[in-house]
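The values are calculated or read from the model by the stated rules, or taken from the named source; none is laboratory data. None of the values given here were measured: they were computed from a predicted structure. With ligands, DNA and RNA removed, areas are computed over all heavy atoms of the protein, side chains included. Shrake-Rupley method; radii C 1.70, N 1.55, O 1.52, S 1.80 Å.
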Amino acid sequence: MRKVSLLASAVAVAVGVAMIGTSAASAAPGTIPGHGLFDVPWEVLPGTYTTSGPVSADMPCIYGRAKVDGDGELNVLEFESTLEPATVTILLTDSRFTTAYCADWKRVSSVGSLDLGSLFGS
């Protein structure tokens, strides 16, 4: 895990995103707005998502996944910026997903789905 410089970058993006106030409530099912800070799995479901990339040629699409550990420390798991289309897999074990200056993210597959039949031997 890269904690130091990426954490500072992630915090800066997260603070900026949080100040804008975008929420998952405005998104269609299976879609994550391209700008916001979201709690996993309450606001964003685990799964693989794609975006067509940045909404502006002047600013890259920035996104990241993080996990809050038992001590309450935020650990950056992935932090990327791109001028191209992107794909991210959000895991059930992730705590946060942040995104800025990206087109909306669309879920292309779920991750960690629970098969109730396997639990009961069917």
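By how many nm would the segment from residue 31 to residue 73 grow when fully extended, if each residue of separation counts as 0.36 nm and the alpha-carbon distance is taken off?
12.3 nm
What ranking of 67, 106 comes out by heavy-atom accessible area, probe 1.4 Å, highest first?
106, 67
So what J values fall out for region 60-68 if you push phi through Karplus, 6.51 cos²θ - 1.76 cosθ + 1.60 with θ = phi - 60°, rounded to Hz, Gly and Pro as x?
For region 60-68, the Karplus-derived couplings read x, 6, 10, 8, x, 10, 8, 10, 8 Hz, x marking Gly and Pro.
Work out how much length residue 58 to residue 92 would gain on full extension: take 0.36 nm times their residue separation and subtract the Cα-Cα distance, in nm to one decimal.
Fully extending the segment from residue 58 to residue 92 adds 9.0 nm.
Counting only protein heavy atoms and a 1.4 Å probe, tell me what percentage of region 31-107's accessible area is made up of carbon and sulfur.
The value for region 31-107 is 53 percent carbon and sulfur by accessible area.
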